[in-house]
Every structure is written in C-alpha cells, then in structure tokens.
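Worksheet: one structure, shown below.
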C-alpha cells in the first residue's frame, strides 16, 4: 500500500522518537528481562531459562529487606515532601497576587545546582564534625557530637525530601491555581469556615496535583542510588545500591537484572495502591 505525502511526512517526523524509544528504552528493557532468566556461571552467563534468580531474591532476607526499605523510604519521602510543598504552593497560588512568576522562579533555583552537590551538602551538615554538630556544641546543647545523624535511613529520608521538594511544589501549585475562585466564594456564602472550605473544596480539587507530585517523587526515589551511597551507610542502603553491586563487583548481571525487575514490579504495585488510596481519600473528602 502506497503512502500519501502527508503520511510519509508524519512517518518521517515520528521516526526519530520511535528510534529513540526502541534503542534506549525497549531494547535495554528486553535485554534486562532476558538476563533475569539466565544464570551466572563464574565469568560466563549461561543462556538457559531459569527462575533461580527470582527464587533467590524472595528467599534471601537481605534482598527482601532492601526492597521493603526502598519502598518504605520512598513512601516517607513522598509524604513529607507533599506535606512541606503543599503550604508553599498554597501560599503562592492564593496569597501572592502579583509576581507569581518570580516566586516560581525562586522555587526552581535548586534545579540549577548539581543533585550530587545538594546531597553532599547534607553530608557536610549532618557529619560528626559537620555544621549541625558544631553549632550544637558551640551553643552548649550537647557535650559530644551526635553520631546518629548520618549514615542511616533517617538521613536518606531528610536528604531526599529536601532534594525533591521543588518537584512537588510545581504540580500542586498548578492544581491550586486552576481552582475556580467562585467555588470558594460559594462555600463562604453557605457559611463554611476556612477549615471546612479547605477540606471540602480546596483539597479535593487539588488532589490531581497531589497525586501527580506523589508519583513524580515516589517512583524515582525508590531507585535512587546516589543519596543512600553518600549519606545512608549500611543502615540506609537501598535496592539500587545492591543492583549496582551485582552489575559491578559481584559481576552477577542476571541477579542484578532480576533485582531491577523485582523492584519495578514492587514499585508499580505500591504506586497503584498509593494512587487508589488517594482516590478513596478524594471521594471521602467530597
């Protein structure tokens, strides 16, 4: 069947994007799936179908712990980030009458700095001889440095919350800014107070922004490697760190691929559950 000129033009326009998806997304994903069903035999990979890698992952408590910890940390980061971002987005949307663009510009300033530098700065702040301990010692609040501030899950949660806060502010602001102000006026005319107006009108109408912000934060943080490597230590290690070990020092690519796919499945299930929970909350508020 011959293509007309318009169809050829359309095909030509989508070809670069299609090629990009095939080479950089579809092909690596297919290769990862294939590797996960093979097995490492010393320095060689035996290309025989096996479920041994997945069985090892779900039988070994170490891998289960890392996956569970990753989902737990990502969930906490998502909750804390949204709770911190919502008031900022609300202030810009409802209280800033002029120069909203300037405020949004200020919010995006952290994007200009390297993610690695932002994470490393928290290592300097929370370290045993860091800014926080030095300040507390200087004020006489503590007699010796607090060693538990760094290299644990709490440090990872704090660092990720700070790093991802701007990503949550923007979608929540967009949702709040799109709310028809006449709805708020109607609630006020019907005798609703500020709190009930927020709970019954503003919050439900802004839930699409909250859900969007949650997904933007939750999915990448589960697979974060840099933050737990710098500030997590052994107690704050996540599944991405183990995947890196399997593809690196351990030289067990099949197990690393199986770990990656297992993490993807767990993240998908957790994300679907989280969105469903927010949808239920939205219906309850309405």
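At R0 = 35 Å, how high is the FRET efficiency between residue 181 and residue 83 if r is their beta carbon distance? Nearest 0.05 is fine.
Step by step, r from the Cβ atoms, then E = 0.90.
FRET efficiency for residue 56 and residue 219, Cβ-Cβ distance as r, R0 = 25 Å, nearest 0.05?
Result of the calculation: an efficiency of 0.50.
Report the Cα centroid-to-centroid distance between the range 66-103 and the range 197-268 in angstrom, as an integer.
First find each Cα centre; the distance between them is then 17 Å.
Once you order the gyration tensor axes a ≥ b ≥ c over the Cα atoms, which shape class does the range 176-286 get: rounded for a/c under 1.5, otherwise prolate or oblate by comparing a/b with b/c?
Prolate, since a/c reaches 1.5 and a/b exceeds b/c.
For a protection proxy built on the mean count of beta-carbon atoms within 10 angstrom, sort 231-239, 98-106, 62-70, 36-44 highest first, please.
231-239, 62-70, 36-44, 98-106
Test of understanding: in a Gaussian network model of the chain with alpha carbons linked when under 10 Å, which of 57, 172, 73 would top the mean-square fluctuation ranking?
Ranking 57, 172, 73 by mean-square fluctuation puts 57 first.
Rounded, prolate or oblate, given the Cα gyration tensor of the range 1-137, with a/c below 1.5 counting as rounded?
Oblate, since a/c reaches 1.5 and b/c is not below a/b.
Nearest 0.05, what FRET efficiency do residue 245 and residue 131 give at R0 = 45 Å with Cβ-Cβ as r?
0.90
When a/c is below 1.5 the answer is rounded, else prolate if a/b is larger than b/c, else oblate, so apply that to the chain with a ≥ b ≥ c taken from the square roots of the Cα gyration tensor eigenvalues.
It comes out oblate by the Cα gyration axes.
What number, in percent, do you get for the relative contact order of the chain if the mean sequence gap of Cα pairs under 8 Å and at least 6 apart is divided by its residue count?
27 percent
Rounded to the nearest 500, what is the 222 nm mean residue ellipticity of the chain from helices alone, with -39500 (n - 2.57) per DSSP H run of 4+ residues and division by all residues?
Only helices count here, giving -22500 deg cm²/dmol.
Go ahead and set up a Gaussian network model of the chain, Cα springs under 10 Å, then flag whichever of 30, 276, 85 fluctuates most.
30
Using 0.36 nm per residue, how much length does the chain from residue 106 to residue 266 gain when fully extended, once their Cα-Cα distance is taken away?
Contour length minus Cα-Cα distance gives 54.1 nm.
Provide the packing ranking of 134-147, 112-125, 259-272, i.e. peptides ordered by the mean count of other C-beta atoms within 10 Å per residue, highest first.
So the order, starting with the most tightly packed, is 259-272, 112-125, 134-147.
Each value in this text was obtained by applying a stated rule to the coordinates, not by laboratory testing. Just so it is clear, the structure is predicted and the values come from calculations on it, not from any experiment. Positions of Cβ are generated from backbone atoms using ideal geometry, with glycine treated the same way; all protein chains shown enter the neighbour counts.
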